[in-house]
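Here is the structure we will look at.
The values are calculated or read from the model by the stated rules, or taken from the named source; none is laboratory data. Every value quoted in this text rests on a predicted model; they were computed, and no experiment measured them. Every residue, glycine among them, receives a Cβ derived from its backbone with ideal geometry; neighbour counts consider all protein chains shown. SASA here: full protein model, heavy atoms, side chains in, ligands and nucleic acids out. Shrake-Rupley method; radii C 1.70, N 1.55, O 1.52, S 1.80 Å.
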Amino acid sequence: MKYLVMVQGSQADYDAMTGKASAHSPAWSEKDLQAMFAFMQEINDDLAESGEFVDGQGLAEPRRTRLVSLGEDGRPVITDGPYGETKELLAGYWVLDCASLDRVTEIAARVARCPQPEGAPEYPVVIRPIMEDGPGC
């Protein structure tokens, strides 16, 4: 079964990773960033070796996001990010092909242990099964 494993974040988190502390998150040092990147690369390498890795990407900061919806007249309404009403956004993801929900949960628990500076917010790692055979599967 394929699963989408998602890591959440906020614009403040992306700002912190560029050295801009806020009430939400302390500034990350170059050492903090390198530890996070090394940790994530190790996970990616292990998942590739086990054959469970399908895809995984970190996403650009929320302020580079665009929201497209429809206005009352049916025409597109385009809004650039970030969005004040949105606290958490998808920061990165993996698509994994795992034998069971227990296995993907084990991987998500490992992802949740990613190193970060003391005082940085902790976000849950979200697991969503991918429906491969259409609705009702």
Placed amide H near Ala91: partners under 5 Å, 5+ positions off or other chain: Val7, Gln8, Gly9
In the range 1-108, what trypsin sites (Lys or Arg not before Pro) fall in a loop by DSSP, with at most 10 other Cβ atoms inside 10 Å? none
Which one, Asp46, Asp55, Asp73, has the greatest fluctuation when you compute a Gaussian network model over the chain with C-alpha springs under 10 angstrom? Asp73
Karplus-derived HN-Hα couplings along the range 63-71 (A = 6.51, B = -1.76, C = 1.60, θ = phi - 60°), whole Hz, x at Gly and Pro: 5, 9, 8, 10, 10, 10, 9, 10, x
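Computed FRET efficiency, Cβ-Cβ of Ser50 and Ala27, R0 30 Å: what is it to the nearest 0.05? Display every interim value, and only then the final one.
On the way: r = 35 Å, r/R0 = 1.17.
That gives a FRET efficiency of 0.30.
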Could you work out how far apart the two model spin labels at Gln41 and Ser69 are, taking each label as a point 7 Å from the Cα in the direction of the beta carbon, and quote it in nm? 4.1 nm
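In the calculated pair distance distribution of the chain, what percentage of Cα-Cα distances lie above 23 Å?
44 percent
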Per residue, accessible area of the chain with a 1.4 Å probe, heavy atoms of protein chains only, in Å², comes to 65 Å²
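For the chain, which whole-number percentage of the solvent-accessible area (1.4 Å probe, protein heavy atoms only) is attributable to carbon and sulfur atoms?
Details: 4640 of 8910 Å².
With neighbouring chains kept in place, the figure for the chain is 52 percent.
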